[in-house]
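The values are calculated or read from the model by the stated rules, or taken from the named source; none is laboratory data. Just so it is clear, the structure is predicted and the values come from calculations on it, not from any experiment. Backbone-built Cβ (ideal geometry, glycine too); neighbour counts: all protein chains shown. With ligands, DNA and RNA removed, areas are computed over all heavy atoms of the protein, side chains included. Shrake-Rupley method; radii C 1.70, N 1.55, O 1.52, S 1.80 Å.
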Amino acid sequence: MPTLHLVVPCYNEEAVLAESCRQFVELLEKLIGKGKINASSQVVFVDDGSRDKTWLLIEKEASRRSHVTGIKLSRNRGHQNAVLAGLMASNADVVITIDADLQDDINVIETMIDHHAQGSEIVYGVRNDRSSDSLFKRNSAVAFYKLLAWFGVDLIHNHADFRLMSRKIIDALREYNEVNLYLRGIIPLIGFKATTVEYVRKERFAGETKYPLKKMLKLAGEAITSFSTVPLQMITMLGFIVFGCSLLVGGWVIWTALFTKNAVPGWASTVFPLTLLGGIQLLCLGVIGAYLGKIYGETKSRPRYFVERTVTGLPVQDRELVPE
Ligand code: UDP
Ligand code: MG
């Protein structure tokens, strides 16, 4: 039986914490009772530098329930870092990350565990409708996925950070040393067998969203700049176009100056270098951008591969023992 850790990032969640804790612990006890997870399984609350009573509540829950652990970050580092802190601190066989606000349906956790038992290393929780979201959030989410796809970043649609990961995945995640972390982008890069489970996302149980527009835009920016060098390639493309145009314009300027009487004295010698230099500069920026993109890739020093399994042939003397 695997040990399960439920990693829960919390930022100013005093309004929901007691109820979330009760429901999470109840679920763990149910799963332990069914023999699906180990009795040492835990709910791990990660306090992301809350300014309200969240940490006090976590301490209180931990002191009276055996299945509760708390980790307090020194200051607010953002949801992704809080999740990562929980993942790195955990030594469980299976970790499920879930928000504190009970929006994600905890009843699919059992299905996730079942998928894991059948060999999935990652199980993504995918919401199958967004009716509980505001119109703005729904549209901005669609725009977000479209934009990222355009930049070449592949994400699991409608999946936030409600997912199961096995020890293998967490150990693989440890190999990614980048500081600007975007879990939803990295986890699919790791590979291994993955499945999805669908659920209906509910309204926040209490309190209000800790993801205002500013944080959402920051996350989108992070996703693009951490996974795509398309913006740099765009400079090169632009450079080529402007350079090509500048050659055409240059030809026209010289032709006008030499073969017609329309040119004002000094015009050609001003306009020609202007367009030419503009084109050359953008092209050079593009070239620099191409190398910058490479350097960026190198500095992230992402792991190049993970071995899923290996098979070895039987020694010759043992082969006769295996029926054909
Ligand atoms: N959260 C966090 N640090 C932050 C912002 C949010 O740990 O800086 C946590 C928050 O407590 C919650 C989860 O991340 O458990 C998701 O946040 P929220 O529910 O506010 O986002 P929404 O569901 O509105 O997108
Ligand atoms: Mg929420």
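Tabulated data for the structure shown
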item	result
Residue in region 219-232 that is in a loop (DSSP other than H, G, I, E, B), within 16 Å of ligand 1 (Cβ to nearest atom), closer than 30 Å to Ala143 by Cα and of a type in the set (Gly, Ala, Ser) present	no
Top-ranked residue in region 89-105 [being of a type in the set (Gly, Ala, Ser) and in contact (Cβ under 8 Å) with a residue 60 or more places away in the chain; ranked as farthest from Ser41 (Cα to Cα)]	Ala100
Matching residues, region 96-117, being among the β-branched types (Val, Ile, Thr), part of a helix (DSSP H, G or I) and either within 18 Å of Asn38 (Cβ to Cβ) or open to solvent by 30 Å² or more (accessible area, probe 1.4 Å) (or both)	Ile109, Thr111, Ile113
Residue in region 118-138 that is in the same structural domain as Lys34 (by TED's automatic domain parsing), assigned to a loop (DSSP other than H, G, I, E, B), of a type in the set (Asp, Glu) and buried (at least 16 other Cβ atoms within 10 Å of the Cβ) present	yes
Hey, Ala194 closer than 30 Å to Arg163 by Cβ, at pLDDT below 85 and out of contact with any His (no Cβ under 8 Å at 6 or more places or on another chain) or not	no
Condition broken by Arg64, with the remaining ones in (1) surrounded by fewer than 19 Cβ atoms within 10 Å (Cβ to Cβ); (2) among the charged types (D, E, K, R); (3) within 14 Å of ligand 1 (Cβ to nearest atom) satisfied	(3)
Residues (in a helix (DSSP H, G or I) and open to solvent by 100 Å² or more (accessible area, probe 1.4 Å)) located in region 257-276	Leu258, Phe259, Leu274
Residue among Ala143, Ala92 that is open to solvent by less than 60 Å² (accessible area, probe 1.4 Å), out of contact with any Pro (no Cβ under 7 Å at 6 or more places or on another chain) and within 27 Å of Pro212 (Cα to Cα)	Ala143
Close pairs from region 280-301: first in contact (Cβ under 8 Å) with a residue 40 or more places away in the chain, partner part of a helix (DSSP H, G or I) and not hydrophobic (A, V, I, L, M, F, W, C), Cβ under 6 Å, at least 6 apart	Leu282/Gly239; Leu283/Gly239; Gly286/Thr236; Gly286/Gly239
Which listed residue is within 15 Å of ligand 1 (Cβ to nearest atom) and more than 20 Å from Ala223 (Cα to Cα), from Asp105, Asp171, Asp161	Asp105
Unique residue being in contact (Cβ under 8 Å) with a residue 60 or more places away in the chain and either open to solvent by less than 10 Å² (accessible area, probe 1.4 Å) or within 16 Å of ligand 2 (Cβ to nearest atom) (or both) when the list is Val83, Val25, Val43	Val83
Residue in region 183-201 that is assigned to a loop (DSSP other than H, G, I, E, B), at negative phi and within 16 Å of ligand 2 (Cβ to nearest atom) present	yes
Residue tally, condition under 12 Å from the mean Cα position of the chain (by Cα) and surrounded by fewer than 19 Cβ atoms within 10 Å (Cβ to Cβ), over region 186-208	3
Failed condition for Ile169, given (1) under 20 Å from Phe306 (Cβ atoms); (2) surrounded by fewer than 15 Cβ atoms within 10 Å (Cβ to Cβ)	(2)
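Each row is one residue, and each column tells you yes or no for (1) in contact with a Gly (Cβ under 8 Å, 6 or more places away or on another chain); (2) touching a residue at least 40 places away in the same chain (Cβ under 8 Å); (3) closer than 18 Å to Pro9 by Cβ.
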residue: Arg204; (1), (2), (3): no, yes, yes
residue: Lys210; (1), (2), (3): no, yes, yes
residue: Gly221; (1), (2), (3): no, no, no
residue: Thr236; (1), (2), (3): yes, yes, no
